[in-house]
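K.L.:
Dropping a structure here in structure tokens format, bear with me for questions.
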Amino acid sequence: MASSGFGPNSQRPVIRGLDGDRVRLLDNAGATIDASNLSYDHAVAMDPLVIERVEVLRGPASLLYGGNATGGVVNTIDNRIPKQALTDLGGRLELRGGGAASERSASAVVEGRLAPGWSWHVDAFDRKTSDQKAPRFTPVEDGEALEPTDRVRNSAAKARGGALGLSWADDKGYVGLSFDRYDNRYGVTVEPDVTIDMNRRRTTLAGERSLGGFVDKLSFQLSDTRYQHQEIEGSGEVGTTFSSRGQALRVEARHAPQGAWQGVVGLQAESMRFEALGEEAFVPGTRTRSLALFGMEEWRSGPLSLTLGGRAERVTVRSDGDAAEVEEPRFGEAQSRSFSPGSLSVAGAWRFMPQWSLTGSLGATQRAPAYYELYADGVHVATAAYERGDPSLGLERSTHADLGVSWQSGANLFKANVFAMRFGRFIALDATGETFSEVGEDGELFSVPVYAFQGVPANLWGLELEAKHRHQWAQWRIDGTATWDWTRGENSRTGEPLPRLAPMRMNLGLAAHQGAWSLGAGVKHAWAQRRVSQGDAATPSYTLVNVWAYTLPWAAGEWQAFLKGDNLSNALAYNATAVRTVRELSPQAGRAWTLGLQARF
């Protein structure tokens, strides 16, 4: 796992070198519906302050949620629709302050019983940050060095949101409704006088019921999401408005065990209308519709298990083209493309000794091109390039394989995993060698390189190691952890490295627990990344040292006071998985301390 890291305010997960539309982001198993996959400076429309847990899925399980989940699925889960009948008032409160961005945040989750079988949920959060502090560095913009500084310019943010939920539940299931809102106003580091004003409104109806027959359990989710963000110039004028409205329906049926087999089948339908208006609208208005059938079966017998997953889809992506009143046509006439991707995956595990297991998976995945990969045509400020889509693109096709071995004895663990992915057609944004020039509003000529989306053969492979060890020392429980990962990818036709791959990395951690106290320290080291694609630059190695401490006893519930120290050596570190235009303006955070207090009741 890594992060695309477009400054401190907008990040998307990167899994084994794959990002963008190849990693499916979900909100309680439903589509998030935002514009974060279109551009690196577009933030994901959710906040971690109210999330209860995060799931990362790969292999057959990922096919339950999207054919475009080539890299995997990241699913955030909350309790905004209570799934069980609550009997008491409960919740949690949190206050936090400090950090490299001088964060000031507060969040609250409260839920309880309304009437027999009926439960309610309320949550709210508010977060403010200043420009992020960094070790002293020399920013580089358009190839020119700026004045040295210890702040990442235009990186302050204000975010707030909340939700209301109501559900009815008994011992066989639940049905409920929730409404949530999310507002985020944040600066864009690559444009020092531009602020993004984002908002999302989402209504969700969901339910689940145990039926007791062959169909053991039936669940559904229906959501409507309205998203908009405006890019506001320093003068206060709105430069560009991005908006999308989407509906998603998901129905899933789990059948009762049939011998050693148990599984689920389901249907998923999504529709999203996207529009971009203004001077930086490099994609026309589009409508994307998809309908999918999916299934997964699990078989277990003694030390062996087998999982099979499949998905068949129909995806239509339509472009509105240029409006009739446009003086300078760019997107052409309205057009539409339809695709029928199909994906299969199989995974198995064998516990060949009491403490040893062997795991493996094979899969073939097809992904329909995203709307921007088909129809983009314009200057994209976030990447400092003119991006050109290709309406004739076909399906992105890949095959992948994993092989792993693990040993576990109580809390002690060792894992080794090797993976490989081969793309017959990898939709890449590659330099064409052309240059686009235009006279700006200030009368000055500016030029940017032209990049085009095109299908190329590509390979990705890597190795991951993980180890855990527990030791009892006097009254202290000591836990040690270590991870190491290495990913490599290239265009197999030219040998050129794929863009923005994480370097080889190692994490070491040590935690001590005794009574009410927990203390910990960690070291993160990243080697230099010198294998970079055309137009990118190498990133040097770095080492970050972090510490933390917390305590938690309280007779009537739980109090947790925590203190975190990040990057204690104040090391200058650059994120290799970030696009170069922001990487050289926004290194990772410098030395900082964060203090927080959390109460559960």
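The values are calculated or read from the model by the stated rules, or taken from the named source; none is laboratory data. These figures come from a predicted structure and were not determined experimentally. Ideal geometry is used to build each Cβ from the backbone, glycine not excepted, and the neighbour counts take in all protein chains shown. Keep in mind that these areas ignore ligands, DNA and RNA; they rest on the heavy atoms of the full protein, side chains included. Shrake-Rupley method; radii C 1.70, N 1.55, O 1.52, S 1.80 Å.
K.L.:
Looking only at Cα atoms, what is the convex hull volume of the stretch 316-377 per residue, in Å³?
P.N.:
98
K.L.:
State in Å² the accessible area per residue of the stretch 476-601; use a 1.4 Å probe, count heavy atoms of protein chains only, and round to the nearest integer.
P.N.:
Computed with neighbouring chains in place, this is 49 Å² per residue.
K.L.:
Quick one: what are the phi-derived ³J(HN,Hα) couplings along the stretch 517-527, Karplus 6.51/-1.76/1.60 with θ = phi - 60°, whole Hz, x for glycine and proline?
P.N.:
10, 9, 10, x, 8, x, 10, 10, 10, 10, 6
K.L.:
Find the relative contact order for the chain and round it to a whole percent, using C-alpha pairs within less than 8 Å whose residues are 6+ positions apart.
P.N.:
Dividing the mean separation by the residue count of the chain yields 11 percent.
K.L.:
If all Cα-Cα distances of the stretch 117-186 are sorted into 5 Å bins from 0 onward, what percent lands in each bin, rounded to whole numbers?
P.N.:
Here the calculated profile for the stretch 117-186 is 4, 13, 14, 11, 10, 9, 8, 8, 6, 6, 5, 4, 2.
K.L.:
For q = 0.14, 0.18, 0.19, 0.21 Å⁻¹, what log10 I(q)/I(0) does the stretch 341-463 give under the Debye formula with an equal point scatterer on each alpha carbon and no solvent?
P.N.:
-0.76, -0.96, -1.01, -1.12
K.L.:
If you scale each eigenvalue of the Cα gyration tensor by 5 and take the root, what three semi-axes come out for the stretch 358-402, rounded to whole angstrom and sorted largest first?
P.N.:
Whole-Å semi-axes of the equivalent ellipsoid: 32, 14, 6.
K.L.:
Quick query: amide H of Ala561 versus all other amide H atoms, modeled in the peptide plane; which residues come in under 5 Å with a sequence gap of 5 or more or a different chain?
P.N.:
Under 5 Å from the amide H of Ala561: Thr551, Gln598.
K.L.:
In whole Hz and in residue order, list the ³J(HN,Hα) couplings for the stretch 184-201 that follow from phi through the Karplus curve 6.51 cos²θ - 1.76 cosθ + 1.60, θ = phi - 60°; x for Gly and Pro.
P.N.:
Couplings: 8, 10, 9, x, 10, 4, 6, 10, x, 10, 10, 10, 9, 10, 10, 8, 9, 10 Hz.
K.L.:
Ala29's amide H: which non-local residues (gap 5+, or another chain) put their own amide H closer than 5 Å, with H modeled 1.01 Å from N in plane and none for Pro or chain starts?
P.N.:
Thr76
K.L.:
Please list 3J(HN,Hα) in residue order for the stretch 56-73, calculated via the Karplus relation 6.51 cos²θ - 1.76 cosθ + 1.60 where θ = phi - 60°; whole Hz, with x for glycine and proline.
P.N.:
Those phi angles translate into 10, 10, 9, x, x, 5, 5, 6, 5, 10, x, x, 7, 7, 4, x, x, 10 Hz.
K.L.:
Show Ser271, Ser301 ordered by accessible area, largest first, where the area counts protein heavy atoms only and the probe is 1.4 Å.
P.N.:
Ser301, Ser271
K.L.:
Still on this model: Send over the per residue convex hull volume for the stretch 132-274, Cα only, as a whole number of Å³.
P.N.:
202
K.L.:
Nearest 20 debye, what's the magnitude of the dipole of the stretch 1-123 about its Cα centre given +1 on Lys and Arg Cβ and -1 on Asp and Glu Cβ?
P.N.:
Dipole magnitude for the stretch 1-123 comes out near 280 debye.
K.L.:
Count neighbours as other Cβ atoms within 10 Å of each site's Cβ, and list the chymotrypsin sites (Phe, Trp or Tyr not before Pro) in the stretch 175-238 that are DSSP loop with at most 14 such neighbours.
P.N.:
Loop-located and lightly packed - Phe214.
K.L.:
If you don't mind, there's one more thing I want to ask. Any idea what the alpha-carbon Rg over 2.2 N^0.38 Å comes to for the stretch 444-509?
P.N.:
Dividing the Cα Rg of the stretch 444-509 by 2.2 N^0.38 Å gives 1.96.
K.L.:
Between the stretch 46-117 and the stretch 156-197, what is the separation of their alpha carbon centroids in Å?
P.N.:
11
K.L.:
Another question, if that's okay. In the chain, what percent of the accessible surface is made up of carbon and sulfur (1.4 Å probe, ligands and nucleic acids excluded)?
P.N.:
Reported share for carbon and sulfur atoms: 55 percent.
K.L.:
For the stretch 265-403, what are the per-bin percents of Cα-Cα distances with bins 10 Å wide, up to the bin holding the maximum?
P.N.:
Per 10 Å bin, starting at 0, the Cα pair percentages come out as 11, 29, 24, 18, 11, 6, 1, 0.
K.L.:
How much of the calculated P(r) for the stretch 65-106 lies past 14 Å, in percent of all Cα pairs?
P.N.:
Cα-Cα pairs in the stretch 65-106 separated by more than 14 Å: 73 percent.
K.L.:
Can I ask one more? Is the shape of the stretch 209-268 rounded, prolate or oblate, going by the alpha carbon gyration tensor and its root eigenvalues a ≥ b ≥ c, with a/c under 1.5 for rounded and a/b larger than b/c for prolate?
P.N.:
prolate
K.L.:
With a/c under 1.5 counting as rounded, go ahead and sort the chain into rounded, prolate or oblate using the C-alpha gyration tensor (a ≥ b ≥ c being the square roots of the eigenvalues; past the cut-off, prolate if a/b is larger than b/c, else oblate).
P.N.:
Rounded is the answer for the chain, as its axis ratio a/c remains below 1.5.
K.L.:
List the residues whose amide H sits under 5 Å from the amide H of Ser569, counting only those 5 or more places along or on another chain, with H placed 1.01 Å from N in the peptide plane.
P.N.:
Val545
K.L.:
Please state, as a whole number in µm²/s, the translational diffusion coefficient that the Stokes-Einstein equation yields for the stretch 403-475 at 10 °C and 1.306 mPa s, with Rh defined as the Kirkwood radius across alpha carbon pairs.
P.N.:
Estimated via Stokes-Einstein, D reaches 90 µm²/s.
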